[in-house]
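Reading through the structure tokens given below for one structure.
The values are calculated or read from the model by the stated rules, or taken from the named source; none is laboratory data. Just so it is clear, the model here is predicted, and its values are computed rather than measured. Cβ sites come from the backbone with ideal geometry, for glycine too, and all protein chains shown count toward neighbours.
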């Protein structure tokens, strides 16, 4: 894993969230070009800023670095919704998921 992964992941998550680099930069309290400077390779976020970026996407650092998960924020929402269901309902949803994977 390298700097390019971090840059690409920020871009991927930003696009999923359907927000511009400019809007994300401003939402994080920076100049309008802050995110562009990161994804273009001119800078990398500090650890503190990285944690703010994870909060912005509503994901943990572990989820940020999980290359096998393309939409971690959506998965978090699904898990939250699943926790409100009973065992039978969860089992039914699991069967649907297995059918979709075929």
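How about the stretch 61-74: which of its residues are outside any helix (DSSP H, G or I), surrounded by 10 or more Cβ atoms within 10 Å (Cβ to Cβ) and free of Cβ contacts under 8 Å to residues at least 12 places away in the same chain?
Passing the criteria: 66, 69.
Do we find a residue being outside any loop (DSSP other than H, G, I, E, B), surrounded by 14 or more Cβ atoms within 10 Å (Cβ to Cβ), in contact with a helix residue (DSSP H, G or I) (Cβ under 7 Å, 6 or more places away or on another chain) and in contact (Cβ under 8 Å) with a residue 12 or more places away in the chain anywhere in the stretch 75-94?
No, the stretch 75-94 contains no residue that is outside any loop (DSSP other than H, G, I, E, B), surrounded by 14 or more Cβ atoms within 10 Å (Cβ to Cβ), in contact with a helix residue (DSSP H, G or I) (Cβ under 7 Å, 6 or more places away or on another chain) and in contact (Cβ under 8 Å) with a residue 12 or more places away in the chain.
What number of residues within the stretch 38-57 satisfy the criterion of being surrounded by 14 or more Cβ atoms within 10 Å (Cβ to Cβ) and farther than 14 Å from residue 5 by Cα?
7
Give me the pairs, please: first residue somewhere in the stretch 22-43 and over 15 Å from residue 11 (Cα atoms), second residue anywhere and modelled with pLDDT of 95 or more and part of a loop (DSSP other than H, G, I, E, B), beta-carbon distance under 7 Å, and either six or more positions apart or on two chains.
Within 7 Å, the pairs are 26/32.
With 26, 35 as the choices, which residue is in contact with a helix residue (DSSP H, G or I) (Cβ under 8 Å, 6 or more places away or on another chain), modelled with pLDDT of 95 or more, surrounded by 12 or more Cβ atoms within 10 Å (Cβ to Cβ) and assigned to a helix (DSSP H, G or I)?
35
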